[in-house]
């Protein structure tokens, strides 16, 4: 067991060589081996999860160095869930949705997995920067795809904004280092308390770190890259990014705020807490407002993610066990729902040429399974029982009421109505509007889903994702209980 | 010590260097945001990143510090930030490479580096 | 009564749910599909019947959701509502089959499947043991009934559906806020007869806000003015939907949830201690009268019935708000009585539409010759709604009035009396012209006296008089039997109220809540 943690990162990184080398000459073998590596990653994630369930959180220092100078890795109840989410999503999407594979892009897929897994398990703030950039680079290149300048321009802007964010994060890490002289999360927790939470150095570090991660989360006002990037990427890439691209940095934010800075920091510097609430509320409002105005479905979904991330940040700001549980549950719930929804947009685009809300008219009859799954996923985003979206909002509202944060309560409840408005538009079109004349498949820009069995596999993925939102929702108490030891430890 | 050491030491000791880095950050971000030429945007990004790197390294400075070699003695400059920044420079290089690759693709298609022209030309 | 763990409450929810895949599987064979629906409805009724007969209170704990226990509990109020809904589902299934067949409606499979899910959700609302469980099924009910509201697929139907969803889910959001507040204030959301301890003891402002949120949230489905707007618009749905769902299941879920809030969450004493009983009663009284007045102007028969429903739901809400033992008893009995009477009226309206194509009261002059049994049943049910003796509505209204007179605010008796007069003013012309009117082309006497004129077909008339039909040949038995049966049940409930389990269940509710 002792080396499982570094294997979690090493396997996808080294595995990324396989498609790069074999992809051109032996594409079939390359694809099969990539599937093997991804499935192996799932196995590793499960093994780590089981080990943590049995014996509690585990740490590991790379290279066997003393903890103070080495790079630490850590797996606890919360991070293992996200590691598993990354592995399962990447494997599932690769097997079902992804058809246009090439060696280099498969390498990027694996590197993306490696970067995200690294973010989830690392216990060193600089190491987190490195993995943030690894996953970011892979994401920029995946968005750009193999052809097309529209994608290239969107990817370029994504790159610029993402790199600014990561560099600001790095600057924040620099401030932390200057303040305490250490980079390990455990050491920082103790040292930051010793330095004093209201020291300008620490506050600035927090702001920089949060802004840096906030770019990845696409919080207002740094959200502009998300709709552009998710709309131009191929269905498999957009599904992968939508599921994981903001979720794991979201977990990283939770981890940094509560494991490094701790809730006492939020208490000591009320301005920071207020700032987080403001950013969260603004993201909810902006996400909702823009989502209502979109006609392109993928852009609509991207703004929906902005809204959901706003709710997550609100949960972080309230900083009670229920609120942090809400943030984590919302992260997981949004990931599952968005994965299914983006895969479904791929089905609709490839088979019917439909990319806009109006273009979805009547598709409920032509693609009943997909449309049904889409409706269920939207129900989770709106936050109706018995889905995981409702569970997350419930915890959040309970936490807000408990803390007497009435503005937050109103915002969360209103967000349900706003989400209902944009989700209702799409679902209504699917089922009730008359189908536009002519539903022949239209060739879209390259990299989409091939016909036939690949499309069926995608529909399977969409249906499974929709079912997952309900099942995880029904199991939300168990999920919260699973998170509880770690969350209570933080607070 | 050479004149350069003295000069640098004074700048760092009086925290003047940090002002320079702040200026560089500002310049880099401004160029990135404002300039229309895609390549210049990348240059701005690099300037911005370099400023941050310089901040880190300057933080490692120690008056009268020596290079951290096993054979040397006496007070050493803190080696850790240097290590970190080496990593960060590599990251920066990769990002620049990816960015330039994207710009090359855009240039091949549109024949210009101008962002506004490319936006207008988009289908 | 002690609690015993049983699977019966869960079975009542699951049986209709399990019918759904079977209905879809049988979509190409209508007879089999209809048999599945009937079988499921009968099975559900049998299940609920067994639950009613049980000497102990049956409970099905279902784990927890988001940290709150999720459970079904068959207490007296739950059994009353569930038995009513299950019984009427059987009747409505028969009627639906006849109705859809007669009109050769499209998307019948979707219709029956959505109907089954709606009944399952209603069972869940009835048996919910706490606010969260109730909320979950309440929202599911909204989602399940949406395809039924928009069944026609026309632009009007879709607009009605949008309004329906906006109102009901918006109400749901308010209710959720109220539920969370209650949970945070007291640590529990479980229904406790007489009210949860400690609610309103410490933080009265928050308790009041919670009450208002819950009332507004549940008030949407209860169609309290001004939250009632969705109900008349939802009449664009097929008549069986209007009948069962919008006269029984959906709106009764709303008033049931309201009853749970007043009696089992806050409790009668706390409600009045916090000063909340009077505003709620006033809102109910206002609804009663306003809906009665607006209903007079309706020429579309179903819309008129919808306003009558709004008014009668306010009868129940007022009884609950006044919260005296007799008033609460009357309220629960009225839930049952109104359901039978209103569903009979809706079925009659649907039958009229199927057999004659008429939707407007002004076109129904003399239709009593054509549809004698139907209109007799209509008249009986209408009489019950007005409050004439011998029909069920009299018994419940009597208790409501007595209960209001015994309350600290006997002035509300006036509201009941005024509402009764308004009903009379609405129904009497309808019945009179149906039996004694002559169908003329442009005659303005055949129009309902208070209704605004609507466009006719330029004076063309096929026949001056409806053809006389014998009693047995007037309509398809699938349509006629439910109409007659529900009207007859209303009479039986009026003549022998104590013979039915509803009486004892309502008494048990009063005993439970008031001690």
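Computed from the coordinates by the stated procedures, all read-outs in this text should not be read as laboratory data. Remember, it's a predicted structure, so these values are computed and weren't measured experimentally. So basically every Cβ, Gly included, is an ideal-geometry build from the backbone, and we count neighbours across all protein chains shown.
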- Item | Separation in nanometres of the label points that stand 7 Å from Cα toward Cβ, at residue C:425 and residue B:114 | 7.6 nm
- Sorted largest first, the C-alpha extents of the protein assembly as shown along its principal axes in whole angstrom are 118, 65, 49
- Counting every C-alpha pair in the stretch C:307-371, the percent lying more than 15 Å apart is 60 percent
- Query: What is the fewest-to-most order of C:235, C:341 by other Cβ atoms lying within 10 Å of their Cβ?
  - Reply: C:235, C:341
- Query: What base-10 log of the normalised intensity I(q)/I(0) is obtained for the stretch B:3-121 from the Debye formula, alpha carbons as equal point scatterers, at q = 0.23 Å⁻¹?
  - Reply: -1.25
- Query: Short version: what are the Cα gyration tensor semi-axes of the stretch A:261-410, square root of 5 times each eigenvalue, largest first, in whole Å?
  - Reply: 33, 15, 11
- Query: Any idea how far the Cα center of the stretch A:25-42 sits from the one of the stretch A:157-198, in Å?
  - Reply: 37 Å
- Task: For the stretch A:99-160, list log₁₀ I(q)/I(0) at each q in 0.12, 0.19 Å⁻¹, using the Debye formula over Cα point scatterers of equal strength and ignoring solvent, two decimals each.
- Result: -0.32, -0.70
- Task: Based solely on C-alpha atoms, express the radius of gyration and the Dmax of the stretch C:304-450 in angstrom.
- Result: 16.5, 53
- Message: Going by average Cβ density within 10 Å per residue, which order do the peptides A:77-86, C:39-48, A:181-190 take, highest to lowest?
- Response: A:77-86, C:39-48, A:181-190
- Can you give the average number of partner chain beta-carbon atoms within 10 Å of each beta-carbon in peptide C:408-418, as a whole number? 0
- Query: Under the definition of partner shielding as Cβ atoms of other protein chains within 10 Å of a residue Cβ, what is the mean value for peptide B:84-94?
  - Reply: 4
- Item | Debye-sum result for the stretch A:196-245 in log10 I(q)/I(0), which assumes one identical scatterer on each alpha carbon, at q = 0.15, 0.20 Å⁻¹ | -0.52, -0.71
- Which value at 222 nm does chain C reach when only helices count, each DSSP H run of 4 or more adding -39,500 (n - 2.57), with the total divided by all residues and rounded to the nearest 500 deg cm²/dmol? -23000 deg cm²/dmol
- Item | Principal axes of the stretch C:1-117: Cα extent on each, largest first, Å | 49, 31, 18
- Note on the structure: Given 4 °C, 1.567 mPa s and a Kirkwood radius over Cα pairs, the Stokes-Einstein diffusion coefficient of chain C in µm²/s is 57 µm²/s
- Query: In 10 Å bins starting at 0, how do the alpha-carbon pair distances of the stretch C:159-202 split up by percent?
  - Reply: 26, 36, 22, 14, 2
- So for the stretch C:67-129, what percent of the C-alpha to C-alpha distances run longer than 14 Å? 63 percent
- Give the calculated FRET efficiency between residue A:53 and residue A:21 to the nearest 0.05, with a Förster radius of 35 Å applied to their Cβ-Cβ distance. 0.40
- For the stretch C:175-262, convex hull of alpha carbons as volume per residue, Å³: 88 Å³
- Across C:172-178, the residue-averaged tally of Cβ atoms belonging to other chains within 10 Å stands at 6
- Mind jotting down the three principal axis lengths of the stretch A:340-387 based on Cα atoms? Whole angstrom, largest first. 32, 18, 17
- Message: Tell me the angle of helix A:125-144 to the major Cα principal axis of chain A, expressed in degrees between 0 and 90 and rounded to the nearest ten.
- Response: 10 degrees
- Message: Taking only the Cα atoms of chain A, how large is their convex hull per residue, in Å³?
- Response: 123 Å³
- Query: Cα axis of helix C:501-514 to longest principal axis of chain C: angle in degrees, 0 to 90, nearest 10?
  - Reply: 30 degrees
- Query: For all pairs of alpha-carbon atoms in the stretch A:64-143, what percent lies in each bin of width 10 Å, listed from the first bin to the last filled one?
  - Reply: 18, 44, 28, 9, 1
- Say each of residue C:500 and residue C:35 gets a label point 7 Å from the Cα, pointing the same way as Cα to Cβ; how far apart are those two points in nm? 3.2 nm
- Message: What distance in nm separates the two pseudo spin-label positions at residue C:278 and residue B:63, each 7 Å out from Cα along the beta-carbon direction?
- Response: 7.9 nm
- If you count, for each residue, the other Cβ atoms within 10 Å and average over each peptide, how do C:71-84, C:312-325 line up from highest to lowest? C:312-325, C:71-84
- With a 10 Å radius around each residue's Cβ, average the other Cβ atoms per peptide and rank C:344-356, A:475-487, B:10-22, highest first. C:344-356, A:475-487, B:10-22
- Item | Cα Rg over Rh - the stretch C:1-47, Kirkwood | 1.15
- Report, as a whole number in µm² per second, the diffusion coefficient that Stokes-Einstein gives for the stretch C:135-188 at 4 °C and 1.567 mPa s using the Kirkwood radius over alpha carbon pairs. 105 µm²/s
- Query: What's the percent breakdown of Cα-Cα distances in the stretch C:82-194 across 5 Å bins, shortest bin first?
  - Reply: 2, 11, 16, 19, 18, 14, 9, 5, 4, 2, 0
